[in-house]
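The values are calculated or read from the model by the stated rules, or taken from the named source; none is laboratory data. Because the structure is predicted, anything quoted here is derived from the model rather than measured. Backbone-built Cβ (ideal geometry, glycine too); neighbour counts: all protein chains shown.
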C-alpha cells in the first residue's frame, strides 16, 4: 500500500485551496494508517485473545477487530465525501477503464 500515491490521488480530486478538503485528505490518510496498524496487531495477537480474570481463563474476540470496523466505516464515509467532489463520469465514452487500473 503506497500512502503517498493514495494521498496524491485524493489531493488531485479536491480543491487545493480549500483547507477543509485538505484536512479531510490528511484525516483519511491517518485513518488508513491506523487501519493497517490494527491489521498488524490482529496478525500478531490473533483474532481471539486470551483473557485472564483471577482463576478464570477464556477467549474473546480481539478488540482491534471492532476498532478496525469503526475505522472502516469512517473511511467509507470520507471516501463518499471525496467522490461527491469528483465530476460525474462521461457516459458517452463507455468503459474508460484499462487493465492497469486494477493494479
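Taking the numbered list (1) at pLDDT 95 or above; (2) within 24 Å of residue 18 (Cα to Cα) in turn, residue 69 passes all entries but (2). Look at residue 29 and say whether it is within 18 Å of residue 83 (Cα to Cα) and modelled with pLDDT of 95 or more. Criteria met by residue 29. Entry remark, region 1-52: residues being in a loop (DSSP other than H, G, I, E, B), within 12 Å of the chain's Cα centre (by Cα) and surrounded by 13 or more Cβ atoms within 10 Å (Cβ to Cβ) number 0 in total.
So which residues in region 58-73 are assigned to a helix (DSSP H, G or I) and closer than 13 Å to residue 47 by Cα? Those that are assigned to a helix (DSSP H, G or I) and closer than 13 Å to residue 47 by Cα: 63, 64, 65, 66, 67, 68.
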